[in-house]
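Enquirer: Before I ask anything, here is the structure I am working with.
The values are calculated or read from the model by the stated rules, or taken from the named source; none is laboratory data. Please read these numbers as outputs of a predicted model, since none were measured by experiment. Cβ: placed from backbone, ideal geometry, glycine included. Neighbour counts: every protein chain shown.
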């Protein structure tokens, strides 16, 4: 019987991360995640549904989560679904689903996105100065040109330029 257990979930943290050190020295961090779903019901009214789930992060990434994440921060979690079962003191059986994270991606906050867009706009529309001592905040780069032997191409911010060599000549008929 084939099976596949993979979960990708994005949402906001419902509480600050809780870090625990096991006797073996292994770190485990428990996160609470809330993911929203908005849809129209049969009457046409907008309904918002929230899914709450606990996430366990192990190893060095658990330490990073504890250090950099706080309540309300947006994250993307990739991992597997796990069912925890236990019995209460009064004898009732309980169970709940959780996610064991393979990867946690810290997503930018709304404030950070606004700061980035404001700095990009200020660079783009900054007034020109005639002073020789004034230096631009960031040098503008030329667009990437096809690589010509002996010339160096300059990439826009965040891109990697790979140099390709010209194709070789051969005598093959195809």
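Enquirer: Is it the case that some residue within the range 98-113 is more than 20 Å from residue 34 (Cβ to Cβ) and either modelled with pLDDT of 65 or more or in contact with a strand residue (DSSP E or B) (Cβ under 9 Å, 6 or more places away or on another chain) (or both)?
Expert: Yes, because at least one residue in the range 98-113 is more than 20 Å from residue 34 (Cβ to Cβ) and either modelled with pLDDT of 65 or more or in contact with a strand residue (DSSP E or B) (Cβ under 9 Å, 6 or more places away or on another chain) (or both).
Enquirer: Can you say whether residue 63 is surrounded by 14 or more Cβ atoms within 10 Å (Cβ to Cβ), in contact with a strand residue (DSSP E or B) (Cβ under 8 Å, 6 or more places away or on another chain) and either over 23 Å from residue 20 (Cα atoms) or modelled with pLDDT under 95 (or both), as far as the supplied structure shows?
Expert: Against the criterion (surrounded by 14 or more Cβ atoms within 10 Å (Cβ to Cβ), in contact with a strand residue (DSSP E or B) (Cβ under 8 Å, 6 or more places away or on another chain) and either over 23 Å from residue 20 (Cα atoms) or modelled with pLDDT under 95 (or both)), residue 63 qualifies.
Enquirer: I'm told residue 20 meets every condition in (1) under 25 Å from residue 109 (Cβ atoms); (2) in contact with a helix residue (DSSP H, G or I) (Cβ under 9 Å, 6 or more places away or on another chain) except one. Can you identify the failing condition by its number?
Expert: With (1) under 25 Å from residue 109 (Cβ atoms); (2) in contact with a helix residue (DSSP H, G or I) (Cβ under 9 Å, 6 or more places away or on another chain) applied to residue 20, the lone miss is (1).
Enquirer: So is residue 103 touching a residue at least 12 places away in the same chain (Cβ under 8 Å) and not in a strand (DSSP E or B) or not?
Expert: When the stated conditions are applied, residue 103 does not pass them.
One line per residue, one yes/no per condition, for (1) closer than 21 Å to residue 83 by Cα; (2) assigned to a strand (DSSP E or B):
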position	(1), (2)
8	yes, yes
11	yes, yes
16	no, no
23	no, no
29	yes, yes
33	yes, yes
37	no, yes
44	no, no
48	no, yes
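Enquirer: Test residue 75 against the criterion of being in a strand (DSSP E or B) and either farther than 22 Å from residue 18 by Cα or modelled with pLDDT of 95 or more (or both), and give yes or no.
Expert: Yes.
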